[in-house]
Amino acid sequence: MPESASPEQGQQPIRESFGSRLAAAMASRGPLCVGIDPHPQLLAEWGLNDDAAGLERFSLTVVEAVASLAAAVKPQVALYERHGSAGMAVLERTLAASTEAGVLSIADAKRGDIGSTMAAYADAWLRDGSSLAADSVTLSPYLGFESLRPALDLAAQYGRGVFVLALTSNPEGKSVQHVGGGDSVARRIVAAAAAENQRYAGSLGSVGLVVGATIGSALEDLDIHLGPVRGPILAPGLGAQGATPADLRATFGVAYPTVLATSSRGILAAGPSPAGLRAATEGTLAGLRSE
């Protein structure tokens, strides 16, 4: 099994790496991450108020329903932030409930900054003892990949992980990510992640990438190869956003075994019944497992 990087002198020993834990979860349960996206419309469809109480009922119901089925859950941080401190308190309880239920958590925060500010973000989302600590967090590298260093190092120290935005499916992303053609920004991000994963022994590193499930031929167009990354690929867009399991196999090719497909609305629309959520999760998993 992969192991985390060795701690520096004076640091506390570290747990099993995030990459190792995620690989085990994907092998035993399947390559699915369920997004927890409490949009106002979904809250209304579930018969819940658009307030902290509705947010908590929604979030904990999803965790309880899918924790034994999905490899990971992914709360969308912005949809908790919009409720202020009460919403962030719900997020803390959601992350704690995920840990208690035995499912890995990915805080979809897309943080990115420089220096002491990036170090503070890392401390919030990745340090043991932080009330917001998740198993992993999404990061934005567009102030330079190396600006993420505090998060990369803290994740390694505490056996947690990161997912770095590389190729997103929104049309605006091309204006930054595709710049450079054969030496594109996205390709450099992928190469930097591959280099970072050299610190991890074994088959799966803890520095993952976010690559949209609906990017079409972008990997081929930009001559990007994900196999050498040796890290997990978080692929949002399965289900309601239009991507199918067949699309995932065609898009990711030889890297498909490392892809953690994300479905949010396609599963959440089956609520508020826990049985409905479980059935939708099981159906999605069946599609991902089929040849």
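Note on segment 27-55: residues that are more than 18 Å from S264 (Cβ to Cβ) and in a helix (DSSP H, G or I) total 4.
Within the option set S203, S217, being at pLDDT below 95, under 23 Å from H178 (Cβ atoms) and among the polar types (S, T, N, Q) holds for one residue only, S217. Scanning segment 14-37 turns up no residue that is more than 16 Å from the chain's Cα centre (by Cα), farther than 21 Å from L285 by Cβ and open to solvent by less than 20 Å² (accessible area, probe 1.4 Å). Among the residues of segment 186-207, the ones that are open to solvent by less than 50 Å² (accessible area, probe 1.4 Å) and under 25 Å from D221 (Cα atoms) come to 9 in all. Against the list (1) within 24 Å of G35 (Cα to Cα); (2) of a type in the set (V, I, T); (3) surrounded by fewer than 24 Cβ atoms within 10 Å (Cβ to Cβ), the condition T258 fails is (3). Among the residues examined, R230 qualifies as more than 16 Å from A261 (Cα to Cα), in contact (Cβ under 8 Å) with a residue 12 or more places away in the chain and either surrounded by 21 or more Cβ atoms within 10 Å (Cβ to Cβ) or under 17 Å from the mean Cα position of the chain (by Cα) (or both).
Residue check: V210 meets all listed conditions (1) surrounded by fewer than 19 Cβ atoms within 10 Å (Cβ to Cβ); (2) within 22 Å of G144 (Cβ to Cβ); (3) among the β-branched types (V, I, T) but one, namely (1).
Within segment 60-83, residues that are of a type in the set (D, E) have Cβ atoms under 7 Å from residues that are part of a loop (DSSP other than H, G, I, E, B) in no pair, counting only partners at least 6 apart in sequence or on another chain.
Scanning segment 267-291 for residues that are more than 17 Å from S28 (Cα to Cα), touching a residue at least 12 places away in the same chain (Cβ under 8 Å) and open to solvent by less than 40 Å² (accessible area, probe 1.4 Å) yields I267, L268, G271, L277, A280.
Quick one: would you say L154 is over 19 Å from P236 (Cα atoms), part of a helix (DSSP H, G or I), touching a helix residue (DSSP H, G or I) at 6+ places or on another chain (Cβ under 8 Å) and open to solvent by less than 20 Å² (accessible area, probe 1.4 Å)? Taking the combined requirement at face value, the residue does not satisfy it. In the set (1) of a type in the set (S, T, Y); (2) under 17 Å from the mean Cα position of the chain (by Cα); (3) open to solvent by 50 Å² or more (accessible area, probe 1.4 Å); (4) within 25 Å of A24 (Cα to Cα), the condition left unmet by T244 is number (2).
Taking segment 197-214, which residues are under 30 Å from G159 (Cβ atoms) and either in contact with a helix residue (DSSP H, G or I) (Cβ under 7 Å, 6 or more places away or on another chain) or in a loop (DSSP other than H, G, I, E, B) (or both)? Result: N197, R199, Y200, G202, S203, L204, G205, S206, V207, L209, G212, A213. Within segment 72-106, the set of residues being open to solvent by less than 30 Å² (accessible area, probe 1.4 Å), part of a helix (DSSP H, G or I) and closer than 27 Å to G212 by Cβ comprises L79, Y80, G87, L91, T94, L95, S98.
Go over the candidates V179, V162 one by one and state the one that is surrounded by fewer than 18 Cβ atoms within 10 Å (Cβ to Cβ) and among the aliphatic types (A, V, I, L, M).
Sole residue among the options that is surrounded by fewer than 18 Cβ atoms within 10 Å (Cβ to Cβ) and among the aliphatic types (A, V, I, L, M): V179.
Taking residues in segment 107-133 that are buried (at least 18 other Cβ atoms within 10 Å of the Cβ) and assigned to a helix (DSSP H, G or I), and partners anywhere that are at pLDDT below 95 and not aromatic (F, W, Y), not one pair has Cβ atoms closer than 9 Å while being at least 6 places apart or on different chains.
Quick check: is even one residue across segment 242-259 farther than 17 Å from W46 by Cα, part of a loop (DSSP other than H, G, I, E, B) and either touching a residue at least 40 places away in the same chain (Cβ under 8 Å) or of a type outside the set (D, E) (or both)? The answer is yes; a qualifying residue exists.
Filter segment 134-147 for residues that are crowded, with 24+ Cβ neighbours inside 10 Å and more than 16 Å from the chain's Cα centre (by Cα) and give the result. Once the filter is applied, which keeps residues that are crowded, with 24+ Cβ neighbours inside 10 Å and more than 16 Å from the chain's Cα centre (by Cα), segment 134-147 yields nothing.
The values are calculated or read from the model by the stated rules, or taken from the named source; none is laboratory data. None of these values were measured; they are calculated from a predicted model. Virtual Cβ from ideal backbone geometry, glycine too; neighbours counted across all protein chains shown. Surface accessibility is based on the protein's heavy atoms, side chains included, excluding ligands, DNA and RNA. Shrake-Rupley method; radii C 1.70, N 1.55, O 1.52, S 1.80 Å.
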